1. Considering only the range 1-32, how many residues are of a type in the set (Ser, Thr, Tyr) and modelled with pLDDT under 50?
2. Starting from the range 24-48, keep only residues that are outside any strand (DSSP E or B), then list their pairs with residues that are hydrophobic (A, V, I, L, M, F, W, C) whose Cβ atoms are within a distance under 6 Å, requiring at least 6 positions of separation or different chains.
3. Give the range 53-81 a look and list any residue that's surrounded by 16 or more Cβ atoms within 10 Å (Cβ to Cβ) and part of a strand (DSSP E or B), or say none.
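The values are calculated or read from the model by the stated rules, or taken from the named source; none is laboratory data. Predicted, not measured: the structure shown is a model, and the values here were computed from it. Neighbour counts are summed over all protein chains in view; Cβ atoms, including those assigned to glycine, are modelled from backbone coordinates with ideal geometry.
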Amino acid sequence: MKLLVYAMTKLRGKNTVNIIEAKNVSVIFDSYGDVIKAVDQVDFVLPKGQTIGVVGESGSGKSTFARVLSGLQLPTSGSVTFMGKPIQSGRNAYEGALRKEVQMVFQDPYGSLNPRMRIVKAIAEAIRQHQGLDKKASRVAA
């Protein structure tokens, strides 16, 4: 099943800034010799002021696509840009400017805490990133 991407907008203009742009994005996994196309040649543009909804059946690639858009995973092919700049994948992207600008909201936010991290550390990390405090000050604030 192909991943379907729908966008709804009120903004239409030639000078609109594209927040995210995906071109021919595919993600292919190898599972014990079987090729699994999790995301298959998805294209879309998300201009400033627009809302996007990603719709698909369970297992259709929605979460994988979101990971690519947020820089947490590289696509097998295609490209993704954020504010006109290519999104890098991995830890460098996540700890860089993209981390402050892009967030994922999961269907079950109560089950989304990292079980390997104490709550105070998770809260302190968010405070450190958004308020620019050092580790000690952010832990005290948490």
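1. 2
2. Pairs found: LYS48/VAL17; LYS48/ILE19.
3. Listed by number, the residues that qualify are VAL54, GLY78, VAL80.
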